[in-house]
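Undergrad: Once you've had a glance at the structure underneath, I'll fire off some questions.
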């Protein structure tokens, strides 16, 4: 900008006139105001500032104090002389400018472009003095600024450069001063227009030259392409041929690699393996013999043997968790691609009695906690909540007791968001830490809900501090974990928690394909006396319809009815919906996959194959009996508590079995003979009688025939409603199987003060009972200089000549040691007993 100003400054000008001469370089609005003056639109290329701003841009009120007259004047649209609009000479405008005294003949002032109040600078001297009564026809500074459409401050700067000193914007100007200012403005406008025209001409000429050069280059390129077209075409053909050949080779290798991978389940038979590899059964059996494996055609092989055999035939093995799972999933994905949003699945997790179910009741406006025995959740539950704005959220309530670790693990695996409930009075507890680990292992985002904020002692900062120690940083502490402070009693913070849940769900962008066959996970399974097997299923993808055929783990069936958590009959269930399914052949394991298949026969075939694999797995994992086991059973050194566990739902039975098996020690152990869901039947009692086991019933009762059979065989049946009682009872039973602990109880001591030799009897020690008492039936030891020299029993205990059973402290007595006579004066005889103390786990 400094260079541009220097170029526009006329030679021999003073500092003020040089600044004034530099101002036409930035006189943007001057060149485009008169539309009919087309030559004025052409500007030289080197004067870029003169072509960038149109005439309609804001005036020069943004220029700093001390700007030149051009910088202030060019911000306003160019005004030709009043009598000759378009006259280029500045000298012709001088007479007109001198006669300007009526503002109506000038361009009207635009209020929208009115500049800010100018910063007034005090001037030492003034040529125009302000007057309270201005003379007629003599404008003030601000009036002239309005006429010129510039700020008063800019006009004061121009006047100062011209040698006219004014005191403020209210100063009065003479006619000569007004004429000089306007003449200077018109002269600078004309110079700016001339420079703009020259710049546009040069730029247009350069564009023409550039276009011509580009045309020349295009012609040259075309000629070069035409000359080398034959060579390039041949090279392209050769390159395309090589690329196609390489692609065919890569596809062939990929196909061979895919065909060389065998996707099999564990315990596959040699006949099935031969069919998968496309070889004869005799080749597989021969290879087994070479490897030293004696196997028949239908014998089940373990995973290592399968991998070894496949490697001999040049194949790789990929283990599949369930038979047919991959084929069913592949077939399901081919159905439809229509994608829709689905409701989020939120799992409530935390320590026991931290208010998880109470919070869920508050959200759903229900009272589930009143139906729980002991006020604690003992099975997994899935519920649907409809928010005030109509959006749906699926909540999964998991138990907080330590025994239900498997349930919490399943809840974390099927969920989208985990709400970690932490009570402000109890802070972080063991099951809270476990829930954090489950959520991290499943890769699920966590939202912290600090409950019981209605308490007077509530301090959420302590909870946040404990969570930070476990690497869970809430947003208030600089982390990315959402946190809400709630109260199930007053409802405080519940809306905030729901808003954070929906915000997290929007960030996850949850989608599903409703037109595909349904796929989900089994949450619970139980036997209903009136409806049979009832399975709680969470639909994760697709739509589940009444009448669909399905496979759930090792069970299969056709859906006879669908119910929601309130018992309402449904015809179909979309993604993210928890339902209860009737029609399963048996009770599946909690956590099994639930997949819809085409026909019921296909479901039965898949179920049968899975049952065979499961049976083989049980046989392979069965523990072999050793000689040490026989020794323990015959000598009575090992204690085993055999139990049969029956519960209301499969998940509770699994949790109890897991808890009881972990209660064993090296000396005693728990052997679960049978476990499952349903009531206690006569067959359970007969199995308990055959295996000498105790039956544990959790929230179930025995039927009449089972009670009669138990009374006749003497089988103990224990029923419970709270898992705490199950743990305590089994712990006491295991404690009874433990060997009692033998402890030494000190009774007293006596000091040897004299020795008496009695014929045919031996040495009698005359003693003084120092402390405690000496009891003849107890055990004794002889201590000399702190070293035990003898242990045994007494042959006699007398006080004077009378036989005594015991002698108290402070009395003298005669003591005869059985079979030992090396007694010296000063020895100490200690009396003690061995007592057995019962042990506890």
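Undergrad: Can you report the principal axis dimensions of the range 745-799 using only the alpha carbons, biggest first, rounded to whole angstrom?
TA: 34, 24, 19
Undergrad: By the gyration tensor of its Cα atoms, with a ≥ b ≥ c the square roots of the eigenvalues, what is the shape of the range 638-736: rounded for a/c under 1.5, prolate for a/b over b/c, or oblate?
TA: Values: a/c = 1.86, a/b = 1.26, b/c = 1.47.
It comes out oblate by the Cα gyration axes.
Undergrad: Sticking with this one: Put one equal scatterer on each alpha carbon of the range 515-619, apply the Debye formula with no solvent term, and list log10 I(q)/I(0) at q = 0.11, 0.12 1/Å to two decimals.
TA: So the normalised log intensities are -0.29, -0.35.
Undergrad: For an R0 of 35 angstrom, estimate the FRET efficiency from the Cβ-Cβ distance between residue 642 and residue 298 and round to the nearest 0.05.
TA: On the way: r = 33 Å, r/R0 = 0.95.
Computed FRET efficiency for residue 642 and residue 298: 0.60.
Undergrad: Let me ask another. Rounded, prolate or oblate: which fits the range 261-319, taking a ≥ b ≥ c as square roots of the Cα gyration tensor eigenvalues, rounded meaning a/c under 1.5, else prolate when a/b beats b/c? Numbers along the way, then the final one.
TA: Details: a/c = 1.35, a/b = 1.25, b/c = 1.08.
Rounded, because the longest to shortest axis ratio a/c is under 1.5.
Undergrad: Show log10 I(q)/I(0) for the range 728-841 at q = 0.16, 0.21 Å⁻¹, two decimals, from a solvent-free Debye sum over equal Cα scatterers.
TA: For the range 728-841 at q = 0.16, 0.21 Å⁻¹, log10 I(q)/I(0) is -0.69, -1.07.
Undergrad: Could you state the per residue volume, in Å³, of the convex hull enclosing the Cα atoms of the range 404-512?
TA: Details: hull volume 12.0 nm³, N = 109.
Roughly 110 Å³ of hull volume per residue.
Undergrad: What full-extension length gain, to one decimal in nm, is calculated for residue 609 and residue 440 as 0.36 nm per residue of separation minus the Cα-Cα distance?
TA: Working: separation 169, 0.36 × 169 = 60.84 nm, distance 3.43 nm.
Net length gain for the segment: 57.4 nm.
Undergrad: Given a cut-off of under 8 Å on Cα pairs at least six residues apart, what relative contact order in percent is computed for the range 515-619? Before the final figure, lay out each step's value.
TA: On the way: 263 pairs, mean separation 35.0, N = 105.
33 percent.
Undergrad: At 0.36 nm per residue, minus the direct Cα-Cα distance, what do residue 531 and residue 601 gain on full extension? Give it in nm, one decimal, please. Don't skip to the end; give the middle numbers.
TA: Numbers: separation 70, 0.36 × 70 = 25.20 nm, distance 2.30 nm.
Difference between extended and current length: 22.9 nm.
Undergrad: On a full-extension model of 0.36 nm per residue, what is the gain between residue 276 and residue 753, subtracting their alpha-carbon distance, rounded to one decimal in nm? Write down the numbers at each step before the final one.
TA: Values: separation 477, 0.36 × 477 = 171.72 nm, distance 9.46 nm.
Additional length available on full extension: 162.3 nm.
Undergrad: Between residue 480 and residue 387, what's the calculated FRET efficiency when r is the beta-carbon distance and R0 is 25 Å? Round to 0.05. Please list the in-between numbers first.
TA: Details: r = 24 Å, r/R0 = 0.96.
That pair, residue 480 with residue 387, gives E of 0.55.
Undergrad: How far apart, in nm, are two points set 7 Å out from the Cα along the Cα-to-Cβ line at residue 229 and at residue 473?
TA: About 6.6 nm, to one decimal.
Undergrad: Can you order the peptides 592-598, 463-469 by their average number of other Cβ atoms within 10 Å per residue, highest first?
TA: On the way: 592-598: 20.3, 463-469: 17.9.
Descending packing order for the listed peptides: 592-598, 463-469.
Undergrad: What is the fewest-to-most order of 691, 778 by other Cβ atoms lying within 10 Å of their Cβ?
TA: Values: 691 13, 778 18.
Least crowded to most crowded, the residues run 691, 778.
Undergrad: Using label points projected 7 Å from each Cα along Cα→Cβ, tell me how many nm separate residue 566 and residue 701, to one decimal.
TA: Taking the two extended label points, one gets 3.0 nm.
Undergrad: Provide 276, 562 in ascending order of the number of other Cβ atoms located within 10 Å of each residue's Cβ, fewest first. It would help to have the intermediate numbers written out before the result.
TA: On the way: 276 16, 562 24.
With the sparsest Cβ surroundings first, the list reads 276, 562.
Undergrad: OK, next. What is the Å³ per residue value for the convex hull set by the Cα atoms of the range 141-186? Walk me through the numbers on the way to the answer.
TA: On the way: hull volume 2.9 nm³, N = 46.
Spelled out: Cα convex hull of the range 141-186, divided by residues, is 64 Å³.
Undergrad: As an exercise, use a Förster radius of 60 Å and the Cβ-Cβ distance of residue 666 and residue 247 to find the FRET efficiency, rounded to the nearest 0.05. The partial results should precede the final answer.
TA: On the way: r = 64 Å, r/R0 = 1.07.
In this case the efficiency is close to 0.40.
Just so you know, all these numbers are worked out from the coordinates, no wet-lab data involved. On a predicted model such as this, the values are computed, not experimentally measured, just so you know. Glycine also receives a Cβ, built like all others from the backbone with ideal geometry; neighbour counts cover every protein chain displayed.
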